[in-house]
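Here the structure is laid out as structure tokens; the discussion comes afterwards.
Bear in mind these aren't lab numbers, they're just calculated from the coordinates by the rules spelled out. Predicted model only: the values in this text are computed from it and were never measured. A quick note on method: Cβ atoms are made from the backbone with ideal geometry, for glycine too, and the neighbour counts reach across all protein chains shown.
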Amino acid sequence: MLVSVLNGFAIGFLLFILAVGLSLVFGMMDVLNLAHGALFLGGAYLGAAFAGSWGGFLAALAVAAVAGLALGGLLSLMTEPLRNRSHLDQALLTLGVAFVAAEGLIIVFGDDPLSVPAPPGLDGSVTVLGATYPTYRLVLIGVGAVLALVVHVVVERTRIGALVRATVADREMVAALGVDNRLVKVVVFGVGSLLATTAGVLGGPIYGARPGLDATVLILALVVVVIGGLGSVRGALLGALIIGQVDTLGRLLLPELASFVLFAALALVLVLRPQGILGGVGARAR
Amino acid sequence: MTFLEVRGLVSGYDRGRVLHGIDLDLAAGGALGLLGRNGVGKSTLVMTLAGLVPVSEGTVRLDGEDLAGRRPDRIARAGVALVPQGRRVWAPLTVAEHLALASGRRRGTWTVDGVLDLLPRLAERRRHPAGRLSGGEQQMLAIARALLTNPRLVLLDEPSDGLAPAVVDQVAEVITTMRAEGVAVLLVEQDLHLAFAVADEIAVMDKGVLVHRVPTDDFRRDRATAQRLLGVA
């Protein structure tokens, strides 16, 4: 039971890092980036390619961060011509990108699942309150909590964060102040994608790297975004921690029905609070 | 000298044109009150001038520079500020965050401290999210946000909407103060008293064009014309 709760936290923080970028881009710019899962998988494969040493792990993180930033910026520019089109058009574009990226990863890394060892020293286990638990996951909980705190402080307490929240609330009024929306979007898209690839590297030792993982984590991230509320950092954190617990508890107690439990939680939130637990975007005029 | 010069402006939304050739001049530091029945295109004109509704035809010159069809952020940087209908403050952001985001974008006389001196209610509410403010406070915040960009022209769309008479008087005072600083004002209003209090001239719109324009004092005296154009006494 304790192991399950800890697993829930580890996966919850990982999901937050993954989902916060998706949530901000969707909440701010109405762009649903279905290539977000492919970014995660790219990070996981990078982790697999460099695995085995601390140097390799850190190199994978650095390469993933730079690549995520660049690819996010590129995706932002690609969706720009569809700015005034429907969600469906944008979703089709990013879904196409996701398919191409997934195929590209198979060509480079093959279609066999790769397991990713944790960095040396973190690949063992420790005893937590009498239960044996993988060291890496415990460290991941700490790293995830710190990252979540950093993202929260940047978005809630800084000027650039205020700009992001204002853009979520009413982006036309931000433009009417003299701020180029496209610039805000490129930056948020880039940083959100950086977080997605980073989450992929960090999640590698848990999930491994395999074809199809991109779709799995994308769906988890979408569930988190819907549950937490669009464009809300606190909502994404809350949603991620809830889904982390629901998913691991579901797997423990009802292994055959785990994915049903996940979507039952989603359905429950949608029935009780369609705008998400902490969402406010639905209240925007027009 | 003409500061804002609009010629043959045509614009609208996907479902159809709303403006059918607007010609409008405004002197530097001048104030024009724009009246008209509901649905004649007053708000569309304001949103088009701010770059938030696409221009189909025509020119919008500000100090000789054509801004028609430019992006809204480009128009804002040229010195046009918007106080939109419904205020459109960012509900989750605090008053202080609104002021911080708006200030420091263009050089000029307005600073956060100066605006808070003018609008002391906002100073008391600095830490409050805009969504928790009263309608009057939100209106003051929307005006403060516009002023802090140090604009040369402010577009105000029904700032009196839903406010108590005493608060409308405060809005009039603030507009008078910004005029004293040399800011030109285009004010769309249903509240004739506010328009009369701050505008040098009154223009009337009907079906997407300007149909009448006279000095404010003449408009006040000419009740028959006001009755015919607006359906009010």
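Each residue, B:Arg126 and A:Leu114, gets one label point 7 Å from its Cα in the Cβ direction; the gap between the two is 5.3 nm.
Positive end of the dipole of chain A (Cβ unit charges, origin at the Cα centre): among A:Gly203, A:Ala166, A:Leu254, the Cα lying farthest that way belongs to A:Ala166. Helix A:87-109 axis versus longest C-alpha principal axis of chain A: approximately 30°, rounded to the nearest ten. Between 0 and 90 degrees, the angle of helix B:165-180 with respect to the longest Cα principal axis of chain B falls at about 80 degrees.
Think of each Lys and Arg Cβ as +1 and each Asp and Glu Cβ as -1; about the Cα centre, that makes the dipole of the stretch A:2-279 roughly 600 debye. The calculated FRET efficiency for B:Lys207 paired with B:Ser134, based on their beta-carbon distance and R0 = 45 Å, is about 0.80. Modelled spin labels at B:Ala180 and A:Ala264, positioned 7 Å past Cα toward Cβ, are 6.8 nm from each other. Pairing the Cα long axis of helix A:135-157 with the longest principal axis of chain A, what angle in degrees results, from 0 to 90 and rounded to the nearest 10? Between the helix axis and the principal axis of chain A, the angle is about 20 degrees. From the largest down, chain B spans 46, 38, 37 angstrom on the principal axes of its Cα atoms. Taking the Cα centre of the stretch B:56-192 as reference, the dipole from Cβ charges on Lys and Arg (+1) and Asp and Glu (-1) amounts to some 640 debye. As a length-normalised measure over Cα pairs under 8 Å and 6 or more apart, the relative contact order of chain A settles at 38 percent.
FRET efficiency for the pair A:Val153 and B:Ala166, taken as 1/(1 + (r/R0)^6) with r the Cβ-Cβ distance and R0 = 35 Å, rounds to 0.30. Over the residues of the protein assembly as shown, the helix contribution to mean residue ellipticity at 222 nm works out to -18500 deg cm²/dmol, using -39500 (n - 2.57) for each DSSP H run of at least 4.
Put a plus charge on the Cβ of each Lys and Arg, a minus charge on the Cβ of each Asp and Glu, and nothing anywhere else: the dipole of the stretch A:157-286 about its Cα centre is then about 400 debye. For B:His212, the residues whose modelled amide H falls within less than 5 Å of its own, excluding neighbours fewer than 5 places apart on the same chain, are B:Val204. Each Cα pair under 8 Å and six or more residues apart adds its sequence gap; the mean of these over the residue count of chain B is a relative contact order of 27 percent.
Each principal axis of the Cα atoms in the stretch A:110-264 has its own extent, and those three values, largest first, are 56, 40, 37 angstrom. In terms of other Cβ atoms within 10 Å, A:Thr79, B:Thr94, B:Thr2 run from fewest to most in the order B:Thr2, B:Thr94, A:Thr79.
Please name which of B:Pro84, A:Thr94, A:Val153 has its Cα lying farthest along the dipole of the protein assembly as shown towards the positive end, using unit charges on Cβ (Lys, Arg +1; Asp, Glu -1) and the Cα centre as origin. Highest projection toward the positive end goes to A:Val153. Label positions at B:Asn38 and B:Arg71, each projected 7 Å from the Cα along the C-beta direction, are separated by 3.6 nm. Separation of the stretch B:4-34 from the stretch A:30-106 is 45 Å, based on Cα centroids. Taking +1 at the Cβ of each Lys and Arg and -1 at the Cβ of each Asp and Glu, which of B:Leu62, B:Ser11, B:Ala130 sits farthest along the dipole of the stretch B:3-144 towards its positive end, judged by Cα position relative to the Cα centre? Result: B:Ala130. This ranking places B:Lys42, A:Lys185, B:Lys207 by how few other beta-carbon atoms lie within 10 Å of each, fewest first, which gives B:Lys207, A:Lys185, B:Lys42. Relative to the current alpha-carbon distance between A:Leu272 and A:Ile106, full extension at 0.36 nm per residue lengthens the span by 55.7 nm.
By the Stokes-Einstein formula, at 0.890 mPa s and 25 °C, chain A with its Kirkwood radius over alpha-carbon pairs has D equal to 129 µm²/s. Across the alpha-carbon atoms of the protein assembly as shown, the computed radius of gyration and Dmax are 27.3, 91 angstrom.
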